[in-house]
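The values are calculated or read from the model by the stated rules, or taken from the named source; none is laboratory data. Quick caveat: nothing in here was measured; it's all calculated off a predicted structure. Cβ placement follows ideal geometry from the backbone for every residue including glycine, while neighbour counts extend to all protein chains displayed. Just so you know, the surface numbers come from the protein's heavy atoms only, side chains and all, with ligands and any DNA or RNA stripped out. Shrake-Rupley method; radii C 1.70, N 1.55, O 1.52, S 1.80 Å.
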Amino acid sequence: MNLQGWIIYNGNLPGDKFLDFAKWIQDAATRKGSETTIYKNNELFAYLGRGEIDLLQQEKQILPDYVVFADKDIYLAKQLESLGIPIYNSAEAIQRSDDKIDTYQHLARHKLPIPKTIIAPKIFSNAIANTTNIELAIHRLGLPMIVKEAFGSFGQQVYLVHTKEELQAKVENLQATPFLFQEFISSSFGKDMRLHVVGNRVVAAMKRWAIDDFRSNVSSGGIMEAYQPTDSEKELAIAATNAIGADFAGVDLLFGPDQSPFICEVNSNAHIRNMYDCTGINVADYIMDYILWE
Ligand SMILES: Nc1ncnc2c1ncn2[C@@H]1O[C@H](COP(=O)(O)OP(=O)(O)O)[C@@H](O)[C@H]1O
Ligand SMILES: [Mg+2]
């Protein structure tokens, strides 16, 4: 089976973290005998004509048998799907994963354990934030409380607020940015576990600690260690991956007060190098086996 693949990553982001992911996938694909080409999303123009859907490129290439989509350019992912190309993960799964509000709504719909969450009402960008309801959030979720933007990564858009005044200021400051209020799981302060699911199986897992922060993944000076998850942690990670419709995902679980886990996040585009450094397991091999054989 000589399937030809494309690997697409974002061409406008600084640093080479995303190219690095693409190369890991490419190396795994090569090991499995599948030839791949790496593209930046901005090298492909999604064209919509009259009765015509196409991809514009400098030099027109034959469309691939599959695409590993290491980007969050949902419109491009959907364009590829319109052209009948299987995308991993699907555009819909990437979209759900990218939007934390959407993720929690899907997890809740599947009755999976998450920290109690309140979705902030939508505010248009020229309107003024209304903070009269924050008492309600404090009453239901308590203080300190997590405030989390719908779109964010590396813990950068996640805040821990301790007082009503701080919460009020945060809400006013976020203004039209979509966000949620969330119960702070204090038993998980500064630590969590990352389980990597590929096609209904947990293939690797690690535990993460931060030195001096409530967020386990604030990059500076955190500690990672290979972790052997319990059966119920594994089941939960698989259920979370299925709930957002992903083929593979890095699922973050929080340590609940009585050892019971809560789902924190489902990353459709999780980085795999840290997992390799920590556990010696190359998730890219599992991903490529899944794409090529399942
Ligand atoms: N409700 C919560 N209670 C306790 N810690 C949390 C909670 N939500 C997030 N965290 C901490 O913050 C980190 C980042 O939050 P997360 O939702 O995963 O956002 P990001 O996409 O930025 O990683 C988590 O890994 C966890 O350590
Ligand atoms: Mg996270």
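Quick look at the numbers
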| quantity | calculated |
| --- | --- |
| Listed residues Ala120, Ile101, Tyr276: farthest to the positive end of the dipole of the chain (Cβ charges) | Ala120 |
| Linear extension gain, Asp212 paired with Asn130, 0.36 nm per residue minus alpha-carbon span | 26.2 nm |
| Length released on extending from Ile53 to Phe154, taking residue separation times 0.36 nm less the Cα-Cα span | 32.8 nm |
| Accessible surface of the chain, 1.4 Å probe, proportion on carbon and sulfur as whole % | 49 percent |
| Coarse-grained scattering of the chain at q = 0.12, 0.15 Å⁻¹, given as base-10 log I(q)/I(0) from a Debye sum over alpha-carbon atoms | -0.82, -1.19 |
| Environment charge of Ala240, counting only residues whose C-beta is closer than 10 Å and scoring Lys/Arg +1, Asp/Glu -1 | -3 |
| Relative packing of peptides 94-101, 163-170, 209-216, 261-268 - highest average C-beta neighbours within 10 Å first | 261-268, 94-101, 209-216, 163-170 |
| Solvent exposure ordering (accessible area, 1.4 Å, most first) of His110, His139, His196 | His139, His110, His196 |
| Helix-derived mean residue ellipticity, 222 nm - over the chain, DSSP H n ≥ 4, -39500 (n - 2.57), to 500 | -9500 deg cm²/dmol |
| Rounded accessible area per residue of the chain, 1.4 Å, Å² | 50 Å² |
| From the C-alpha gyration tensor of region 110-231, square roots of 5λ in Å | 30, 16, 14 |
| Residues Arg273 and Leu143, FRET efficiency given R0 of 30 Å [Cβ-Cβ distance, rounded to 0.05] | 0.20 |
| Options Gln4, Tyr290, Phe154, ranked by Cα towards positive dipole end of the chain, top entry (Cβ charges) | Phe154 |
| Nearest-20 debye value, the chain charge dipole, Cβ charges on Lys, Arg, Asp, Glu | 400 debye |
| Region 117-184: Cα Rg divided by the 2.2 N^0.38 Å rule of thumb | 1.01 |
| For region 1-117, alpha-carbon Rg and Dmax in angstrom | 16.1, 50 |
